[in-house]
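Asker: Sending over a structure as structure tokens; questions will come in a sec.
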Amino acid sequence: MYAAETPACVRPFWRPAPHILGPAPIDSIMNFSQYLSCDATGLARLVALGETTPNELLDLALAQHRRVHPRINAICRLMEEPARSQLRDGVSGPLAGVPFLLKDTSQDYAGVPTSDGSRSRQNAVAREHAACVRRYRDAGLVIFGKTNLPEFALKAVTDPQLFGRTSNPWATARTPGGSSGGAAAAVASGIVPMAAAADGGGSIRIPAAWCGLFGLRPSRGRVSNGQGIGEVWNGASSEGVISRSVRDSALALDILSGPEPGDPFVIAPPPAPYTQLMLREPGRLRIGMSCASPIGTEIHPAARAAVDTAVRLLQGLGHEVEEAAPALDGAALAKSYVTMYLGQVDAAVTRARKAGARSRDFESLTRLVASLGRATGAGAYAAELARWNEYARALALFHQRFDLLLTPTTAHPPVLHGTGDLPLAQAFALDLLQGAGVLGALARLGAVSRLIDGIARNNLRYVPFTQLANLTGTPAMSVPLYWTDDALPMGVQFVAPFGGEDRLLQLAHQLEQMQPWFSRLPPWLLAEKDA
């Protein structure tokens, strides 16, 4: 069922049979090497078999966090006592006893602050569990912390001033991506086998690609955003996970799928659980492939090499690959995305201000973006939202010819910390204009429109491929199939028609069998595992 390098925690492979040893002390069964050799599904199976305990797994996860935190900084808020309390109450479900982490944004945990990576919300204590958190807990996952993200999940790097930057376990001078960078870093550094994430512009797929992990962004409406939210970012954002195995992501999707009362719309359920659908053959797929940046920016040779590797694997599996792309204006799509982004940041800042936040509680870039969003105007915002339908129809026409779209996930390998930041002089000038209250007026007059376009182009030049799925509401995944000569991960992205998560998982399962990645870990982590 799974290739040799994928998790195989089906039976107790690290101790003799009980009748030889007698009853083993349950608090000394598993070590870190064995923990790292299992995915979440495997760990849950071992708990069910009595080969380990939820408390032991939590101890191992916390110990690994303490070891790697100084170099990685993946977890921004520990929740050990809520986790211990959860264990005292007892856990059950398909992933009972498996340690798990939330992303510190819309994934509210009752009684714990949801900071969104911002000083403005660092004391905003949630009153109730978010819908996805209830479902994670009902599945038996043991939630012991929250992972780091950029302020308000605004960037493809994870560098909030509140908690400090998160580093990529494969190269700590580089970013793990964002906005679910803390989640990806926690998984890639061995703290947990799977972590909660969310994707509003690539925030599952980008960090998965840059950390050598699997990341699936579900269709719009597949996973409920739950009470008090409806749709995040006008439906552009979806909840999901980042994992080391396809079967973990399939099981997580089974756990998360389904509506909550009052959801804006209800998507048709799958014909069977995704863990079953994943194992079915996808048939001979026709796949359109493109390496061209939708916004005309440069593509690193490693991004092309990653796609070339994927094409060879796909052809080896019998699939047909042809160079093709949806007939849409990538620059216009980027503008539509950025317009939504500006307006949503302004709305988030306004909510935080009404709750008592002060101007200095926001990072300067957030204040700048909010000011530009305020100046955009409701008419311009509505006009760009209306264009989302154009992109959805163009992609649907593409899918009449092709089962899937293949692109690089990112245009560049993981970038160094600070790459893409505004030059200090420019940031200082913009902060002065914003502080003087004239930036919004200038924006309304069009005096800074070129600057806005430049900021958008600069922010998206390394990650221009992921926003299409967000605006069209379609499912997409990043699959870790390529590492550069200097051992940096590069993912490839597949985009499916609306509701096509089953086809994505089936293909991912095929690729995982053909070129396994589960045991491909950062060298220092492998050394720690074998110590």
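The values are calculated or read from the model by the stated rules, or taken from the named source; none is laboratory data. Nothing here was measured: the structure is a model prediction, and the numbers come from that model. Here Cβ is always computed from backbone atoms with ideal geometry, including for glycine, and neighbour counts include all displayed protein chains.
Asker: What about V463, is it of a type in the set (V, I, T) and part of a loop (DSSP other than H, G, I, E, B)?
Answerer: Yes: the conditions hold for V463.
Asker: On to the next question. From the residues in the range 82-129 that are acidic (D, E) and surrounded by 20 or more Cβ atoms within 10 Å (Cβ to Cβ), which one is farthest from A61 (Cα to Cα)?
Answerer: D116
Asker: If you don't mind, there's one more thing I want to ask. Among the residues of the range 236-264, write down those that are under 24 Å from A386 (Cα atoms) and either of a type in the set (V, I, T) or crowded, with 22+ Cβ neighbours inside 10 Å (or both).
Answerer: A236, S237, S238, E239
Asker: Cβ-Cβ under 7 Å, sequence separation 6+ or interchain: first residue in the range 48-74 and on the phi < 0 side of the Ramachandran plot and touching a residue at least 24 places away in the same chain (Cβ under 8 Å), partner assigned to a helix (DSSP H, G or I) and among the acidic types (D, E). Which pairs?
Answerer: As it stands, the answer is E56/D27; L62/E80, since those pairs meet every condition given.
Asker: Continuing with this model, one more query. Which one of the conditions (1) touching a Pro at 6+ places or on another chain (Cβ under 7 Å); (2) closer than 16 Å to A196 by Cβ; (3) among the small types (G, A, S) does G97 fail to meet, given that it meets all the rest?
Answerer: (2)
Asker: Can you go through L313, L328 and tell me which one is in a helix (DSSP H, G or I) and either crowded, with 16+ Cβ neighbours inside 10 Å or β-branched (V, I, T) (or both)?
Answerer: Sole residue among the options that is in a helix (DSSP H, G or I) and either crowded, with 16+ Cβ neighbours inside 10 Å or β-branched (V, I, T) (or both): L313.
Asker: So which residues in the range 129-157 are out of contact with any His (no Cβ under 8 Å at 6 or more places or on another chain) and among the aliphatic types (A, V, I, L, M), if there are any at all?
Answerer: Scanning the range 129-157 gives A130, A131, V133, A139, L141, V142, I143, L149, A153, L154, A156.
Asker: Let me ask something else about it. How do the pairs read when you match residues in the range 387-414 that are on the phi < 0 side of the Ramachandran plot with residues anywhere that are of a type in the set (K, R) and in a helix (DSSP H, G or I), using Cβ under 6 Å and keeping only pairs 6 or more apart or on different chains?
Answerer: Listed pairs, sorted by first residue: T409/R205.
Asker: Here is a further query. Out of everything in the range 343-369 that is at pLDDT 90 or above and aliphatic (A, V, I, L, M), what residue ends up being farthest from S106 (Cα to Cα)?
Answerer: Taking the candidates together, the pick is A357.
Asker: May I ask you to verify whether W233 is in the same structural domain as P99 (by TED's automatic domain parsing), closer than 25 Å to P408 by Cβ, surrounded by 24 or more Cβ atoms within 10 Å (Cβ to Cβ) and in contact with a Gly (Cβ under 8 Å, 6 or more places away or on another chain)?
Answerer: Taking the combined requirement at face value, the residue does not satisfy it.
Asker: While we're looking at this one, here's another question. Name the residues in the range 331-352 that are of a type in the set (D, E, K, R) and in contact (Cβ under 8 Å) with a residue 24 or more places away in the chain, would you?
Answerer: K335, D346
Asker: Select from the range 266-310 the residues that are of a type in the set (A, V, I, L, M, F, W, C) and in a loop (DSSP other than H, G, I, E, B) and list them in ascending order.
Answerer: V266, I267, A268, A272, M278, L279, L285, C291, A292, I295, I299
Asker: Please go through the range 127-142 and give me each residue that is among the hydrophobic types (A, V, I, L, M, F, W, C) and in contact with a strand residue (DSSP E or B) (Cβ under 7 Å, 6 or more places away or on another chain), ordered by number.
Answerer: Of everything in the range 127-142, those that are among the hydrophobic types (A, V, I, L, M, F, W, C) and in contact with a strand residue (DSSP E or B) (Cβ under 7 Å, 6 or more places away or on another chain) turn out to be C132, V133, L141, V142.
Asker: Do we find a residue being among the basic types (K, R), surrounded by fewer than 16 Cβ atoms within 10 Å (Cβ to Cβ) and more than 30 Å from N123 (Cα to Cα) anywhere in the range 265-281?
Answerer: There is at least one residue in the range 265-281 that is among the basic types (K, R), surrounded by fewer than 16 Cβ atoms within 10 Å (Cβ to Cβ) and more than 30 Å from N123 (Cα to Cα).
Asker: Next up: I'd like the full set of residues that are within 22 Å of the chain's Cα centre (by Cα) and not in a helix (DSSP H, G or I), limited to the range 38-73.
Answerer: C38, D39, N73, listed by residue number.
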